[in-house]
Amino acid sequence: MRIGKLNRTTNETRVDVELNLDGAGVSKIDSGIGFLDHMLNLFAAHGRFDLQVTCAGDLEVDGHHSVEDIGITLGAALKEALGDKRGITRYGTFFLPMDETLAAVSLDISGRPFLVCEVGELAPMVGDFDTQLTEEFLRAFAFNAGLTLHVQIVHGKNSHHKIEAIFKALGHALKTAVTIDENIRGVPSTKGVL
C-alpha cells in the first residue's frame, strides 16, 4: 500500500492528513469548512483514494490559512505516498462535464512544481467557502507534491459546478498518473529521476 501520513502545526492551523493511493475512495474529512469537506470527499471518491483530513484552523480570521495548509499537507502526503515513483504512469488528463460546466485537468508528476489555473469568474462565496481559495489550494497542493498542474474551465457559469468539476477531474487525472504500469521499468523518465 502506498500511504502518506503527515501532520503540520503552525500558529494558525493544525492539519492531519492520511492518504492511501491504493484505496477504495473512503474518506473522512473535517476541515471546518463545509464546502471544502465536500470537495475533498469528491476528490477521494473519484480518485478512489482513501483520505482522512482534519484541520483545526483560525476560521475566526477566515478560511485562507486552513485551505492553504490543507493543500500543503495533502501535497506532501502525496509525495510521501509516491515514494521513488517507480512504475507510475506519471501523466494524467481528465475532462469532466457537470451540467453546463466542462473542466479539464492535466498533470505530470514531474518533480517540477507549476500551476496554470484558468477558471474564469467565480462568485465570491460558495456556501462558507471563499472561491479565491480554490487556486490557493491547487497551488499549495501542486507545489508540495511536485506536480505540474494545469486546470481549466472550458466553459461554465455556476461557481459550485465549476469548483466541483475541478476537484472531481483532479481525482480522476491523479488516479491515472499514480497507477502502476507493470510495463514501466523503474522511473518513467529518460533522466532516470523525477
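The values are calculated or read from the model by the stated rules, or taken from the named source; none is laboratory data. Since the model is a prediction, treat every value here as computed from it, not as a measurement. Note that we place each Cβ from the backbone using ideal geometry, even for glycine, and neighbour counts take in every protein chain shown.
List of remarks:
Quick grid of which residues meet (1) of a type in the set (Phe, Trp, Tyr); (2) farther than 28 Å from residue 8 by Cα; (3) at pLDDT below 95; (4) out of contact with any Gly (no Cβ under 6 Å at 6 or more places or on another chain):
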{"site": "98", "(1), (2), (3), (4)": "no, yes, no, yes"}
{"site": "101", "(1), (2), (3), (4)": "no, yes, no, no"}
{"site": "112", "(1), (2), (3), (4)": "no, no, no, yes"}
{"site": "116", "(1), (2), (3), (4)": "no, no, no, yes"}
{"site": "119", "(1), (2), (3), (4)": "no, yes, no, yes"}
{"site": "130", "(1), (2), (3), (4)": "no, no, no, no"}
{"site": "134", "(1), (2), (3), (4)": "no, no, no, yes"}
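- Complete set of residues in segment 73-87 that are part of a loop (DSSP other than H, G, I, E, B) and either touching a Pro at 6+ places or on another chain (Cβ under 8 Å) or not charged (D, E, K, R) (or both): 83, 85, 87
- Screening the candidates 9, 93 for the property of being surrounded by fewer than 19 Cβ atoms within 10 Å (Cβ to Cβ), out of contact with any strand residue (DSSP E or B) (no Cβ under 7 Å at 6 or more places or on another chain) and among the β-branched types (Val, Ile, Thr) yields one hit, 9.
- Close pairs from segment 177-194: first farther than 10 Å from residue 86 by Cβ, partner in a loop (DSSP other than H, G, I, E, B) and aliphatic (A, V, I, L, M), Cβ under 8 Å, at least 6 apart: 177/109; 178/21; 178/109; 193/187
- Filtered residues of segment 88-141 (kept if out of contact with any Pro (no Cβ under 6 Å at 6 or more places or on another chain) and among the basic types (Lys, Arg)): 112, 139
- Residue 43 passes every criterion in (1) crowded, with 18+ Cβ neighbours inside 10 Å; (2) over 11 Å from the mean Cα position of the chain (by Cα); (3) in contact (Cβ under 8 Å) with a residue 40 or more places away in the chain apart from (2).
- Note on segment 46-61: among residues that are farther than 21 Å from residue 143 by Cβ and in contact (Cβ under 8 Å) with a residue 60 or more places away in the chain, the one that is surrounded by the fewest Cβ atoms within 10 Å (Cβ to Cβ) is 48.
- Inside segment 1-32, residues that are assigned to a strand (DSSP E or B) and within 13 Å of residue 71 (Cβ to Cβ) make up a count of 6.
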